[in-house]
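*Asks:* Okay, handing you the structure first.
The values are calculated or read from the model by the stated rules, or taken from the named source; none is laboratory data. No experiment lies behind these values; they were computed from the predicted model shown. As a convention, Cβ positions derive from the backbone with ideal geometry for all residues, glycine included, and neighbour counts pool all protein chains shown.
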Amino acid sequence: MHPMQAIELRTLDPEDKCEFAEMFYSAFNGWYWRHGWAADYFSGGPATVEIFFTINNQLDPGCGIVAVNPGSGRMMGGCFYHPRARHVSIGSLIVHPNYFGRGVGKALLRHIIDDADRAGYPTLRLLSSTFNIDGFSLSNRAGFIPRCGYHGMVIPVPLRGIEERTAGMERVREATVADIPAIAALEMEMSGISREPDYRYAIEQRQEGLFVAVLEGKNGGLDGYLVFFKRGALSLLGPGVARTAHDAASLLLVVLDRFKGLAPMVLTPMASDALVARLYHWGARNVEIHMQQVRGVFQPCAGVHFPGLLPETV
């Protein structure tokens, strides 16, 4: 067991992007290599993950925290968190491989919890990988209760696309700024939260590779939305929400046409067994299992809820 080490915490600054990306890249690959994965979690070098810093920092400026070694000033760990209307989402807790097991993650999590408590937020939410039992236990000990399970699924999309077609696909289109109030109303109705900054950012900022699709309702309003990201080697689906598993499938089928020849990843709720079975039929496979953990007030989702991968909100 490693001895506890002195840790200083400070806010992430824009000039931290390169060092944070190096740590992010090394932390993910280092942890999964140590625990039996036969390949890198990310490939292509640290520059490929700089987009995580860029989007999360632009989305919520001042809401990134980093732990530094007081002697060298080098990063030991870091995390972005995302205050929303009714909750705070906590992103990936990153710890540099040189500092695994030395209390860095605990210090970062404690700082974010204390900050949210002072601000009066009734709920904090995060995702944890069940592969990382230490990370799961860290948040569980801090009062985060497992509420929902998600299949981390990759969907290999043939070059010809997925040939299945279903009623509702004709109602899927790219979102506009005018859709933002309806997206927010749908998400509040379905899951009791609002991630309006996430889809507003994706629609308005037009960050390269970031898009939003909506499913128009048969009688007005919306029946679903999905943020998706496609840039280089990164192909990610979420955040999003849909009224039914069929609505979610309609959204996914249209969006997946943008990913021909690629294998995007989506976190699919285990409770939506009909949707999970459909994704298996399309050739999806599980690569990881995630748990949504909630500290404080929790309202179960009435529809299909997709946690975010980029932006990483839940």
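*Asks:* For ARG86, indicate whether it is surrounded by fewer than 20 Cβ atoms within 10 Å (Cβ to Cβ), more than 16 Å from the chain's Cα centre (by Cα) and not small (Gly, Ala, Ser).
*Replies:* yes
*Asks:* So if I check each of PHE80, PHE42, PHE20, PHE53, which one is modelled with pLDDT under 85 and either assigned to a helix (DSSP H, G or I) or not acidic (Asp, Glu) (or both)?
*Replies:* Checking each option against the conditions leaves just PHE42.
*Asks:* For a quick check of your reading of the model, give me the residue pairs whose first member lies in segment 247-271 and is farther than 19 Å from PRO311 by Cα and in the same structural domain as VAL227 (by TED's automatic domain parsing), whose second is among the hydrophobic types (A, V, I, L, M, F, W, C) and surrounded by fewer than 18 Cβ atoms within 10 Å (Cβ to Cβ), with beta-carbon atoms closer than 6 Å and at least 6 apart or on different chains.
*Replies:* From residues that are farther than 19 Å from PRO311 by Cα and in the same structural domain as VAL227 (by TED's automatic domain parsing), the pairs are SER250/MET169; LEU253/MET169; VAL254/MET169; LYS260/LEU159; GLY261/LEU159.
*Asks:* Which one is surrounded by the fewest Cβ atoms within 10 Å (Cβ to Cβ), of the residues in segment 94-111 that are of a type in the set (A, V, I, L, M, F, W, C), over 20 Å from the mean Cα position of the chain (by Cα) and not in a loop (DSSP other than H, G, I, E, B)?
*Replies:* ALA107
*Asks:* Given the residues ASP134, ASP60, which is the only one that is of a type in the set (Asp, Glu) and in contact with a strand residue (DSSP E or B) (Cβ under 8 Å, 6 or more places away or on another chain)?
*Replies:* Numbers: ASP134 fails: in contact with a strand residue (DSSP E or B) (Cβ under 8 Å, 6 or more places away or on another chain).
Residue meeting the stated conditions: ASP60.
*Asks:* In addition: Can you name the number of the only condition in (1) under 27 Å from ALA184 (Cβ atoms); (2) among the basic types (Lys, Arg); (3) modelled with pLDDT under 90 that ARG118 fails?
*Replies:* That leaves (3) as the condition not met.
*Asks:* Find all pairs meeting these conditions: Cβ atoms under 8 angstrom apart; at least six residues apart or on different chains; first residue within segment 155-169 and farther than 10 Å from TRP282 by Cβ; second residue acidic (Asp, Glu) and not in a helix (DSSP H, G or I).
*Replies:* Going by the 8 Å Cβ cut-off, the qualifying pairs are GLY168/ASP223.
*Asks:* Quick one: in segment 264-297, which of the residues that are among the polar types (S, T, N, Q) and under 24 Å from PRO158 (Cα atoms) is surrounded by the most Cβ atoms within 10 Å (Cβ to Cβ)?
*Replies:* THR268
*Asks:* State the number of residues belonging to segment 211-244 that are surrounded by fewer than 19 Cβ atoms within 10 Å (Cβ to Cβ) and either in contact with a Lys or Arg (Cβ under 9 Å, 6 or more places away or on another chain) or among the charged types (D, E, K, R) (or both).
*Replies:* 6
*Asks:* Is segment 253-260 home to any residue that is at pLDDT 95 or above and within 17 Å of the chain's Cα centre (by Cα)?
*Replies:* no
*Asks:* List the residue pairs whose Cβ atoms are under 8 Å apart, where the first residue sits in segment 91-117 and is closer than 13 Å to PHE80 by Cβ, the second is among the charged types (D, E, K, R), and the two are 6 or more positions apart or on different chains.
*Replies:* Taking only residues 6 or more apart or on different chains, the pairs are GLY91/GLU312; SER92/GLU312.
*Asks:* Moving to a separate point now. Going through segment 170-195 one residue at a time, which ones are surrounded by fewer than 16 Cβ atoms within 10 Å (Cβ to Cβ) and touching a residue at least 24 places away in the same chain (Cβ under 8 Å)?
*Replies:* ARG173, GLU174, THR176, VAL177, ALA185, GLU189 - these are the residues of segment 170-195 that are surrounded by fewer than 16 Cβ atoms within 10 Å (Cβ to Cβ) and touching a residue at least 24 places away in the same chain (Cβ under 8 Å).
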